[in-house]
Structures are given as C-alpha cells and as structure tokens.
1. Taking the residues in region 118-166 that are β-branched (Val, Ile, Thr) and under 14 Å from LEU38 (Cα atoms) as candidates, determine which candidate is nearest to ligand 2 (Cβ to nearest atom).
2. Which residue out of VAL24, VAL90, VAL16 is surrounded by 11 or more Cβ atoms within 10 Å (Cβ to Cβ) and under 16 Å from the mean Cα position of the chain (by Cα)?
3. Is it true that THR3 is over 24 Å from GLY135 (Cα atoms) and hydroxyl-bearing (Ser, Thr, Tyr)?
4. Quick one: which strands (runs of 3 or more DSSP E) sit completely within region 86-201 and have at least 3 residues that are out of contact with any His (no Cβ under 6 Å at 6 or more places or on another chain), within 10 Å of ligand 1 (Cβ to nearest atom) and under 24 Å from MET17 (Cβ atoms)?
5. Name the residues in region 61-75 that are surrounded by fewer than 18 Cβ atoms within 10 Å (Cβ to Cβ) and aliphatic (A, V, I, L, M), would you?
6. Just the residues that are more than 22 Å from ASP198 (Cα to Cα) and free of Cβ contacts under 8 Å to residues at least 60 places away in the same chain, please, taken from region 125-165.
7. Taking region 98-140 only, how many residues are among the aromatic types (Phe, Trp, Tyr) and surrounded by 14 or more Cβ atoms within 10 Å (Cβ to Cβ)?
8. So VAL87 clears everything in (1) more than 16 Å from ligand 2 (Cβ to nearest atom); (2) touching a residue at least 40 places away in the same chain (Cβ under 8 Å) except one condition, right? Which one?
Amino acid sequence: MVTVVTHPLVQHKLSVMRDVRTGVKEFRELASEVSLLLAYEAMRDLEVTQEELTTPITTAEFPMLSGKKLALVAILRAGLIMTDSIVQLVPAAKVGHIGLYRDPQTLEPVAYYNKLPTDIAERRVFLTDPMLATGGSASAAIASLKEAGATTIKLMCILAAPEGVAVIERDHPDVEIVVAALDSHLNDHGYIVPGLGDAGDRIYGTK
Ligand code: PRP
Ligand code: URA
C-alpha cells in the first residue's frame with residue numbers, strides 16, 4: 001500500500017527541493033522538514049492507551065503512546081537526514097543504519113554496512129530513504145531488516161517512481177510506503193523523472 005502525503009506544505013517544500021537553483025543549505029533544511037511531516041503521517045496509527053494523569057486542575061485519563069517501541073533505520077547515506085530529523089519527534093526511538101549504494105552501471109544495490117538495534121524484532125521499524133527509484137536498495141534493506149527479525153516495517157521516502165513501488169509491492173507486500181510524491185518514471189540512468197536529482201549529492205554537496 002502506498003500513501004501519498006498531499007498536504008500543501010509538503011508539496012510546496014518538495015517543489016522547492018526539485019528546483020535546480022535550490023542550494024545545499026536550503027535543500028537540507030527542506031528535506032528535514034518534509035521528513036518530519038511524512039513522519040507525522042506515517043506514525044498516525046501508533047497505538048495509544050488511556051492513562052490516568054493529574055493536571056493542575058483534576059485527575060483524568062489521557063492518551064499516551066503504547067505498543068511496540070520504535071526503531072528508525074536509515075539507508076545510508078541520504079536516509080540519514082530523515083532519521084536525524086524524525087528522531088526529534090520520537091526521541092526514545094533506537095536508530096539503525098544500513099549502508100547501501102547503487103552501482104551506477106548495473107543499478108544494483110551494493111551493501112557495505114549494517115548496524116541495527118539488537119532488539120529490532122520487538123520494535124516497529126520506520127525505514128528511511130529519500131528516493132525509491134528502481135526499488136533495489138529499499139528491497140535489499142527490507143530483506144536485511146526481516147533477516148534480523150523485524151516484522152512491522154514502514155518505508156518512508158520523499159520521492160518514488162512507479163517502478164520502485166512495484167518492486168516493493170512484489171518483494172514485500174506487507175510493507176506500507178509513505179511518500180511525498182509518486183513521479184512519472186525512471187530515465188535511462190535510473191533517475192526519477194521529473195525527480196529532484198541525486199538526493200545524496202544535493203544533501204551533502206558532493207556534486
Ligand atoms: C540513492 C538513494 C537510494 C537509491 C535509490 O542512493 O538515496 O538509496 O539511490 O535507488 P534505487 O531505488 O534504484 O536502489 P545512492 O546509491 O546514490 O547512494 P548515496 O545515498 O550514498 O548517495
Ligand atoms: N537516487 C537518487 O538520488 N535520485 C534518483 O532520481 C534515483 C536514485
């Protein structure tokens with residue numbers, strides 16, 4: 001299942017990110033802001049239970065987060081900016097990292113790092129990567145999360161291509177995808193069209 005967050009604030013910020021004139025500083029700030037807004041939507045179904053609390057006025061029952069604890073997992077390197085901002089909303093979440101890069105020739109993901117919370121099997125996992133293009137990186141990351149025991153996983157991306165969504169739906173039909181926009185297609189180099197370019201390069205100024 002794919003949820004596209006159509007809120008005007010998200011859409012406006014994403015449009016500025018797409019603009020080729022947007023520089024590193026503003027791109028980073030916008031990526032962080034969009035990530036927070038995506039997390040607000042992705043975490044809409046977190047469990048709450050009523051707990052008794054005393055306000056300065058009276059004692060009553062109020063909703064408090066309950067259920068599985070959370071883990072945020074970034075696909076390096078571009079996913080880092082998303083977990084770094086989302087952890088502000090859920091400071092008790094544990095954070096994992098999966099290092100993958102896409103081979104520019106084959107477009108296949110190459111794994112180089114994996115460090116996950118040891119109790120990932122007991123946690124609800126939010127996997128972050130700004131770009132879902134061929135879907136190879138996200139599919140491989142989800143497979144390694146499942147291998148480590150994770151059973152409840154949501155994938156959060158800023159932009160997705162239909163090709164990537166189809167791969168996740170084929171390989172991991174249990175994983176819900178939350179995105180700010182679903183673009184038209186991939187070009188011959190595996191870039192999302194119209195897209196925003198290379199997310200990692202635009203976040204870190206490496207191009
Ligand atoms: C980008 C992006 C995703 C991947 C998406 O990473 O951040 O991880 O490409 O492409 P896919 O869906 O076709 O696998 P990249 O390989 O450029 O690495 P980087 O984040 O280190 O720059
Ligand atoms: N990775 C990116 O950073 N951008 C794309 O358009 C595709 C893959």
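Any read-out appearing in this document is the output of simple, stated calculations on the displayed coordinates, not a laboratory observation. The structure displayed is predicted, hence computed values, not measured ones. Here the Cβ positions follow ideal geometry from the backbone for every residue, glycine too, while neighbour counts run over all protein chains shown.
1. First pass over region 118-166, keeping only residues β-branched (Val, Ile, Thr): 118, 120, 125, 128, 134, 142, 151-153, 158, 165.
Retained after the next criterion (residues that are under 14 Å from LEU38 (Cα atoms)): 128, 158.
Working: THR128: 13, ILE158: 10 Å.
Looking at residues that are β-branched (Val, Ile, Thr) and under 14 Å from LEU38 (Cα atoms), I get ILE158.
2. On the way: VAL24 fails: under 16 Å from the mean Cα position of the chain (by Cα); VAL16 fails: under 16 Å from the mean Cα position of the chain (by Cα).
Of VAL24, VAL90, VAL16, the one residue that is surrounded by 11 or more Cβ atoms within 10 Å (Cβ to Cβ) and under 16 Å from the mean Cα position of the chain (by Cα) is VAL90.
3. Values: over 24 Å from GLY135 (Cα atoms): no; hydroxyl-bearing (Ser, Thr, Tyr): yes.
Here the answer is no, as THR3 does not meet what is asked.
4. Details: elements: 94-102, 109-115, 123-128, 152-160, 176-182.
The strands (runs of 3 or more DSSP E) meeting that bar are 94-102, 152-160.
5. Kept after step one, since they are surrounded by fewer than 18 Cβ atoms within 10 Å (Cβ to Cβ), are these residues of region 61-75: 61-69.
Of everything in region 61-75, those that are surrounded by fewer than 18 Cβ atoms within 10 Å (Cβ to Cβ) and aliphatic (A, V, I, L, M) turn out to be MET64, LEU65.
6. VAL125, ALA143, SER144, LYS146, GLU147, ALA148, GLY149, THR151, ILE153, listed by residue number.
7. Just the residues of region 98-140 that are among the aromatic types (Phe, Trp, Tyr), to begin with: 101, 112-113, 126.
The next check asks that each one be surrounded by 14 or more Cβ atoms within 10 Å (Cβ to Cβ); those that pass are 101, 126.
Total meeting the criteria: 2.
8. Single failed check for VAL87: (2).
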